[in-house]
Amino acid sequence: FSMVGKEFKGEEYILPPYRRKPESSPPRLLGLEPRAGERWTEKRWVHFPKFKDLLKQKKIPFIEFAQYPTLPEFIQKVNRTDTVVTTDSLALHLALGLQKKVVALFTCTSPHELFGYNRTIKVTSPLLEKYFYSTTKSLKSGAAISPQTVFDALKEITPLNSIV
């Protein structure tokens, strides 16, 4: 905003109009985005498999995002969800643009550069400073965030009985 002489006042993302599923359409879903590109492997959260096991144990329905042929198809998948757990990724920004609740994991990028619109919980690695903007393939920063920490953030951002 400041680059074009404007002040940011919490304006929402601008996306093409996507119809949100009716609130009464069961099941309400949690979306998971475990992927990160090859340049930013440190963004990957190595505990996604354990986190998925925890969700299954708690009977919380979820979908895991994958590679889709087109961006509109990816947007539609994100739009099927009510809440998204993601790393700093395209899914994070699409979820915010679609006004979803978000648990955002920051392992090597700045959580301060993201405006969460009062519907985001940022979970930051305690090793962020050491791996700040790191493109190494160590994955140690994300490993420092436990599945329980992310689950607790999820419970804080959304009543889990609204998902199940």
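For the chain, relative contact order (Cα pairs under 8 Å, six or more residues apart, normalised by length) works out to 28 percent.
Roughly how many Å² is the accessible area per residue of the chain, as a whole number, for a 1.4 Å probe?
56 Å²
Between the C-alpha center of segment 31-82 and that of segment 123-158 there is a gap of 15 Å.
Helix-derived [θ] at 222 nm for the chain: sum -39500 (n - 2.57) over DSSP H runs of at least 4, divide by residue count, nearest 500? Working shown, then result.
On the way: 6 runs with 46 residues, N = 164.
The helix-only estimate for the chain comes to -7500 deg cm²/dmol at 222 nm.
Note on segment 1-155: semi-axes of the ellipsoid equivalent to its C-alpha gyration tensor, largest first and rounded to whole Å, are 23, 22, 14.
Taking all protein chains as present, what is the carbon and sulfur share of the accessible area of the chain, in % to the nearest whole number, probe 1.4 Å?
Carbon and sulfur atoms account for 56 percent of the accessible area of the chain.
The values are calculated or read from the model by the stated rules, or taken from the named source; none is laboratory data. Keep in mind the model is a prediction, meaning the values are calculated, not measured. The area values use the complete protein model at the heavy-atom level, side chains included, leaving out ligands, DNA and RNA. Shrake-Rupley method; radii C 1.70, N 1.55, O 1.52, S 1.80 Å.
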